[in-house]
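Contents: one structure, followed by commentary.
The values are calculated or read from the model by the stated rules, or taken from the named source; none is laboratory data. Keep in mind the model is a prediction, meaning the values are calculated, not measured. Because the Cβ atoms are built from the backbone with ideal geometry, glycine has one as well, and the counts that use them run over all protein chains shown.
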Amino acid sequence: MEVPFYRDTWAEINLDAIEANVVNMRQLLPVDTMVMAVVKANGYGHGAEEVAETALEAGAKWLGVALLDEAVRLRVSGIEAPILVLGWTRPEDVHIAAKYNISITVFQQEWVREASKCYKSQHPVFFHLKFDTGMGRLGVRDYSEAKGLIGEMKSDPRFIIEGAFTHFATADEDNQTYFNEQYSRFKEGLSWLKELGINPNLIHCGNSAASLKHPENMFNLVRFGIAMYGLSPSEEMKPGLPFKLEEAFSFHSRLVHVKSVPPNEGISYGAIYRTEKDEWIGTVPVGYADGWTRSLAKDSTVIVRNNRCPIAGKICMDQFMCRLPYEVPVGEKVTLIGGGPDVKITVDEVAARLGTINYEIPCMISERVPRIYFRSGERLKVRNPLLETNEEI
Ligand code: PMH
């Protein structure tokens, strides 16, 4: 039975868009360069499981997550594809990675010693060694660190280095100087591995930006995140994208109240917004607890019947008001992100209003907002964590 939801607010996830973006990326890459679908943070807010399944069907071979918990979640939901945890894992949790056949990131010698002590099973554990070539976040930075780490890895035959990787800080920028510096440092790091007698099967460095710009030079795996969701890694990259990205995420609600308000009446907390004349005011049941943050109140619009309607007054926890061009009935659809060819609010527009990047927008739409999945133009399923329970509702 389909999971119910009893609120008229929802996000729509167009899985066809995810599929098209993966297929297009694969076509751009040489045949022996695989795609890892990056589905951390619940698939950038779109739903990790659904995005993972779609991406794998479209030809992705790997999945990337930030946390061991996210990887275990995918396994529990029945996904069998290889998964890499890109972030740090506790050394005492290595047995969980082994149990669920999850590859993990390694870059600290001390960590390996500790993990080796804690790990009691004989099953092999698979690692990707991370180089910090200029992101300054995680990874080994020089030869002696790499040597120490590999020496430690070699002392435990259960530990297998399956991959080596790095992450770029500026691949999305027009100026590629820093990217080039990182790229050559990575190649130097790979030469250290060779010197130390390590030859990992998988070598990867490309995020979306690097993979779209330099598909020929991405070794044998790319970590495809933001562009898989149909969003450009940066504004700078938009004019030169090698294929059209299809945005997968949209966000909608329905008016729960509509009224005519006389001039000089206050709307919402603080009564900062004042009606200038007789105005039609609609109440939208979306608030900052849904991730529709209060900072969106200023200069923001939503779409009702192809009209851009300004948000009126402060955004509350569960609701906000908007100014309608004319009377519309309760139940009328309100689009917060999305729309048609005539009027459209993109994720990028919402990000710009907030002074942030598009990555953050679908991530911040909270779990309280049900996700409805569409495939081949048809409604496929609903996710509503609030009511996903074994009880009959
Ligand atoms: N690999 C790693 C290690 C990452 O952290 C990310 C994204 C990706 C690949 C995918 O990058 P893309 O989405 O640009 O394709 N990580 C983050 C982050 O930490 N903050 O924003 C994006």
Give 184, 191, 208 a once-over and let me know the one that is buried (at least 18 other Cβ atoms within 10 Å of the Cβ) and out of contact with any Lys or Arg (no Cβ under 6 Å at 6 or more places or on another chain). 208
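Of the residues that sit in segment 248-273 and are touching a Pro at 6+ places or on another chain (Cβ under 8 Å) and not in a loop (DSSP other than H, G, I, E, B), which one is surrounded by the most Cβ atoms within 10 Å (Cβ to Cβ)? First the steps, then the outcome.
Just the residues of segment 248-273 that are touching a Pro at 6+ places or on another chain (Cβ under 8 Å), to begin with: 249, 253-256, 258.
Now drop any that are not not in a loop (DSSP other than H, G, I, E, B), which leaves 249, 253-254, 258.
Values: 249: 25, 253: 23, 254: 19, 258: 17.
Only one residue fits best here, namely 249.
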Looking at segment 292-303, can you tell me whether even one residue there is out of contact with any Ser or Thr (no Cβ under 8 Å at 6 or more places or on another chain) and closer than 16 Å to residue 10 by Cβ? yes
Considering every residue within segment 355-366, establish whether at least one is among the acidic types (Asp, Glu), over 21 Å from residue 282 (Cβ atoms), within 16 Å of the ligand (Cβ to nearest atom) and out of contact with any Ser or Thr (no Cβ under 7 Å at 6 or more places or on another chain). yes
Output the residue which, of all residues in segment 145-204 that are among the aromatic types (Phe, Trp, Tyr) and part of a strand (DSSP E or B), is nearest to the ligand (Cβ to nearest atom). 165
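Got at least one residue in segment 315-323 being over 18 Å from residue 9 (Cβ atoms) and buried (at least 19 other Cβ atoms within 10 Å of the Cβ)? Outline the logic, then answer.
Start the filter on segment 315-323 by keeping residues that are over 18 Å from residue 9 (Cβ atoms), which leaves 323.
This time we only want the ones that are buried (at least 19 other Cβ atoms within 10 Å of the Cβ), so: 323.
Within segment 315-323 (the criterion being over 18 Å from residue 9 (Cβ atoms) and buried (at least 19 other Cβ atoms within 10 Å of the Cβ)), the answer is yes, since at least one residue qualifies.
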How many residues are under 17 Å from residue 157 (Cβ atoms), touching a Pro at 6+ places or on another chain (Cβ under 6 Å) and buried (at least 17 other Cβ atoms within 10 Å of the Cβ) when one looks only at segment 83-139? 1
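Of a type in the set (A, V, I, L, M, F, W, C), buried (at least 23 other Cβ atoms within 10 Å of the Cβ) and not assigned by TED's automatic domain parsing to the domain that holds residue 336, is that true of residue 31? If you could, list the steps in order and put the result at the bottom.
Values: of a type in the set (A, V, I, L, M, F, W, C): yes; buried (at least 23 other Cβ atoms within 10 Å of the Cβ): no; not assigned by TED's automatic domain parsing to the domain that holds residue 336: yes.
So residue 31 fails the test.
Somewhere in segment 122-138, is a residue more than 16 Å from the ligand (Cβ to nearest atom) and of a type in the set (Asp, Glu)? Break it down into steps so the answer makes sense when it comes.
Taking segment 122-138 first, the residues more than 16 Å from the ligand (Cβ to nearest atom) are 122-126.
When the remaining residues are screened for being of a type in the set (Asp, Glu), the result is none.
For segment 122-138, residues more than 16 Å from the ligand (Cβ to nearest atom) and of a type in the set (Asp, Glu): absent.
Please list, ordered by residue number, the strands (runs of 3 or more DSSP E) wholly in segment 1-114 having 1 or more residues that are aromatic (Phe, Trp, Tyr) and more than 16 Å from the ligand (Cβ to nearest atom). I'd like the intermediate steps shown before the answer.
Values: elements: 9-14, 34-38, 62-65, 83-85, 103-106.
Per the criteria, 9-14.
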Between a residue in segment 146-174 that is on the phi > 0 side of the Ramachandran plot and charged (D, E, K, R) and any residue that is assigned to a loop (DSSP other than H, G, I, E, B) and surrounded by 15 or more Cβ atoms within 10 Å (Cβ to Cβ), which pairs come within a Cβ distance under 7 Å, given they are 6 or more apart or on different chains? none
